Amino acid sequence: MPRFALTLAYDGSRFNGWQTQPNGEAAQDVLERALAAIADQPVATICAGRTDTGVHALRQVVHFDCAADRPLSAWVRGVNAHLPEGIAVRGATPVADEFHARYGAARRRYRYLLYRSAVRHPLLSRRAGWTFRDPDVGRMREAAALVVGEHDFSAFRSSECQAASPVRTLEELSLVERGAFVLFTFTGNAFLHHMIRNLMGALVAIGEGRRPPAWIGELLAGRDRREAPATFAPDGLYFDGAQYEPRFGVPSWGGDPLECFG
């Protein structure tokens, strides 16, 4: 049966996360309904990385199998005609049977957009995390360097995390200033539930001077979630895509979330 890979973007504030829900209001639910409308049969999808409620996607990757004979444009424009606002297929690619959106991803990338301002901006609501202080980016970079590499991230995993092991390899944690924004990039083989938002909570606390940069290393070593700060807001978190073997022809990474603002 032919297999296809789709790349799509969505506004996480409009859906109950990616994974299908009983109320049918998850991003996966609306996508599969739209695919079924084009295929005239049920279609099941598998994604590269699940996202929670409020977390966005710049380039989510999914694959599905379907025997329906449709032009490739039908899986893009046709599907989009059946999707609600806030989600859209950006591209479709025929792939080999061995392609797997989840297990075939060598690494994944997330971006977090943090807005620094004494007052909140209503047009950035649900699009960027916000701090009314002016965090020291140098301190946050110093702390970020301490968590890059392979570590036990127990201090930064949700109590609801179902991963068999808390050990993950964080290949990159970089920070770039863009005017009033700070753009964080997280690249790794895989991530624990709430891992990035929990790391953000620690980094912002350090940037605001409430803790020293070395504290994040102490949290790692302690492996105790209760000692770490609260989970940071999902608003500024964007799933930026996954990287696959070039032979599959599936584009990697999604782009800069600031591009979404024009």
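Taken together, the values in this text are just the output of simple stated rules run on the coordinates, not laboratory data. If you're wondering where the values come from, they're calculated on a predicted model, not measured in any experiment. Here the Cβ positions follow ideal geometry from the backbone for every residue, glycine too, while neighbour counts run over all protein chains shown.
Among the GluC sites (Glu not before Pro) within the stretch 140-226, those in coil by DSSP and having at most 14 neighbouring Cβ atoms inside 10 Å are 160. Comparing mean-square fluctuations of 224, 97, 29 from a GNM of the chain with C-alpha springs under 10 Å, the top value falls on 97. Extending 7 Å from Cα along the Cβ direction at residue 148 and again at residue 82 yields two label points whose distance is 4.5 nm. Evaluated at q = 0.13 Å⁻¹, the base-10 log of the normalised Debye intensity for the stretch 62-206, with identical point scatterers placed on the Cα atoms, takes the values -0.79. Over 10 Å intervals from 0, what percent of Cα-Cα pairs in the chain sits in each interval? Distribution as computed: 7, 30, 33, 20, 8, 1 percent. Taking trypsin sites (Lys or Arg not before Pro) across the stretch 111-178, the ones in a DSSP loop with at most 13 further Cβ atoms lying within 10 angstrom of their Cβ are 120, 133. Between residue 120 and residue 159, the modelled label-to-label distance comes to 2.6 nm, taking each label 7 Å out from Cα in the direction of the beta carbon. Kindly provide log₁₀ I(q)/I(0) values, in the same order as q = 0.16 Å⁻¹, from the Debye equation applied to equal alpha-carbon scatterers of the stretch 1-61. Treating every Cα as an identical point scatterer, log10 I(q)/I(0) equals -0.48.
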